[in-house]
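Below: one structure, written as structure tokens.
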């Protein structure tokens, strides 16, 4: 072996070692950051199993003993209404919103992506513009409409608008998706005598399934987490959703209810986390392609 | 069936929604903003009185504006800086990418919920995590959420904590940067730091711009954290009186619907101007690849 190749080898080894150390450092930073990000949630989960005296004196999220009494105590509110009601109500609102969004947004998306009607570009621009419309400016007249219809304290104000494609984000998501499908499929179907509606239901809908799944997931998460419109329209406890149910812990701020409060907040996040675990890839792709807020 | 008929038929639900729930209400609220209206009596035309009162007299409104602008101006850029930084670190083809991405993204997913806002109130409250940690360093713990000078900052931290979704968008953007650019500049002797400034950042400006506009629009409309953390009051001493919260209080607490509509319209104009400025400025700093 020549001296030059030996020095070449040691240089290569040194370079490799530097790279290794850099890798270790990077992982240390990332893991530390990840811990900071997730620590508040761990503290919440831990607190849900702790007696009140332990919650505000212990930084360690791991409880001394696993006691699920907080869950039992938190489930039923002082008024006798339980989280069973709130979960059912949240599920109803979510299901309604999802069905509405799937139907109405796919119809609109198909028209924008495939049909060459007059003023299409203008309406498409209007649709994109509605994404920027702050809800402050529409909320009062919307409330008046639902109030006049006597729909306050029902789920209708939370569900019915979804059947009219008000979430432009999803229209945009589906338009992007439909544009990626080869037109030849529809042309072949047209030759076989398939009409517009047939093409939509038989060709487009099955092919945009990933976009429909993304729409379902995001509608679920947003509706589950929503607070403002539920606060606005629902006002008796039997109609309360999870968000409104949780708020009760703040109103009746009896100092003794910290444990149960943490138990119920923890539990309320479980459905969203489960959806995240199962549909992680769809969620991430959905955000990356349209910039949806998670 | 012609294309026009088919197109408008498929768009029928959307058109209905547009007129009933978006465009229609926007116009109606413009009308209401010039009236005195309490939901029960007929709207009473008072011309520009709502606006004059808001702009010249309503101290709480000015506070709400200041609080919201501080929140938007601080929380949105800091959030994006974290998102970009982490995206850069994660883009380096490291092991465990999907694990890290998931962990950093989870706060974005849960952050908008009432549950997390309640949690935040406890973290920064008396005996919460923050005051316990500060106590370790001998700093006497106080309740951050009930100190007027600190309360808004707890909400800003809550927003920054949710940098996961812009991070995912940045990650997707970083994948689009052609590898040849890095190879070519490596041959020219550019180090990673220089590559970041000369290649990555310019190539990423469209994504940064997109994220910035999204952040501005979203953070102007924040409601849940301020409502929950302050217990619906915007306190202490109005230090967390978000714009939305004040609209809610006036419109649905005091049923001054005309007044609330005027506030809504001013916000629409503000958001329009801010995003308009962002679009105008984008000509000077957003790099679009002309070659493509």
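Readers should treat all values here as calculations from the given coordinates under stated rules, not as data from a laboratory. None of the values given here were measured: they were computed from a predicted structure. A quick note on method: Cβ atoms are made from the backbone with ideal geometry, for glycine too, and the neighbour counts reach across all protein chains shown.
On average, how many beta carbons from a partner chain sit within 10 Å of the beta carbon of a residue in B:253-260? Please report the intermediate quantities before stating the final value.
On the way: counts 0, 0, 0, 0, 5, 1, 1, 4.
The mean count of partner-chain Cβ atoms within 10 Å per residue comes to 1.
Expressed as a fraction of 2.2 N^0.38 Å, the C-alpha radius of gyration for segment B:43-285 is 1.20.
A Gaussian network model of chain B, with springs between Cα atoms under 10 Å, assigns the largest mean-square fluctuation among B:184, B:135, B:172 to B:184. Taking the Cβ-Cβ separation of residue A:76 and residue B:132 as r and a Förster radius of 45 Å, what is the calculated FRET efficiency to the nearest 0.05? My answer for the efficiency is 0.90.
Given R₀ = 35 Å, what would the calculated FRET efficiency be for residue A:12 paired with residue A:35, taking r from the Cβ atoms and rounding to 0.05? Intermediate results must be reported in sequence, preceding the final value.
On the way: r = 35 Å, r/R0 = 0.99.
Efficiency computed from Cβ-Cβ geometry: 0.50.
Taking only the Cα atoms of segment A:155-241, the radius of gyration and Dmax are 17.7, 57 Å. Using bins of 5 Å that start at zero, the share of Cα-Cα pairs per bin across segment A:104-147 amounts to 5, 18, 20, 18, 15, 15, 8, 1, in whole %.
Here the simple spin-label model places points 7 Å from the Cα toward Cβ, and for residue A:181 and residue A:92 these points are separated by 3.4 nm. Of all the Cα-Cα pairs you can form in the protein assembly as shown, what percent are over 41 Å apart? It works out to 30 percent of all Cα pairs. Here the spin labels are modelled as points 7 Å beyond Cα on the Cα-Cβ line, and at residue B:180 and residue A:201 they lie 4.9 nm apart.
Treating r as the C-beta distance of residue B:187 and residue A:20 and R0 as 30 Å, the FRET efficiency rounds to 0.75.
The shape of chain A can be summarised by an equivalent ellipsoid whose semi-axes, obtained from the alpha carbon gyration tensor, come to 41, 39, 16 Å from longest to shortest. Note on A:34-44: average number of Cβ atoms from other chains within 10 Å of each residue's Cβ is 5. Spatially, segment B:163-201 and segment A:165-196 are offset by 35 Å when compared through their Cα centroids. Between B:148, B:225, B:25, the residue with the greatest mean-square fluctuation in the GNM of chain B (Cα pairs under 10 Å linked by springs) is B:25. Distance between the 7 Å Cα→Cβ label points at residue B:254 and residue A:99: 4.2 nm. Where in segment B:81-121 does the amide nitrogen come within less than 18 Å of the point 7 Å from the Cα of residue A:42, taken along Cα to Cβ? The answer is B:99-108, B:120, whose backbone nitrogens lie closer than 18 Å to the label point.
Under the definition of partner shielding as Cβ atoms of other protein chains within 10 Å of a residue Cβ, what is the mean value for peptide A:22-30?
Numbers: counts 1, 3, 0, 0, 4, 5, 0, 2, 10.
Average per residue, whole number: 3.
Maximal additional length on extending the residue B:279-residue B:139 stretch stands at 45.9 nm, based on 0.36 nm per residue less the C-alpha distance.
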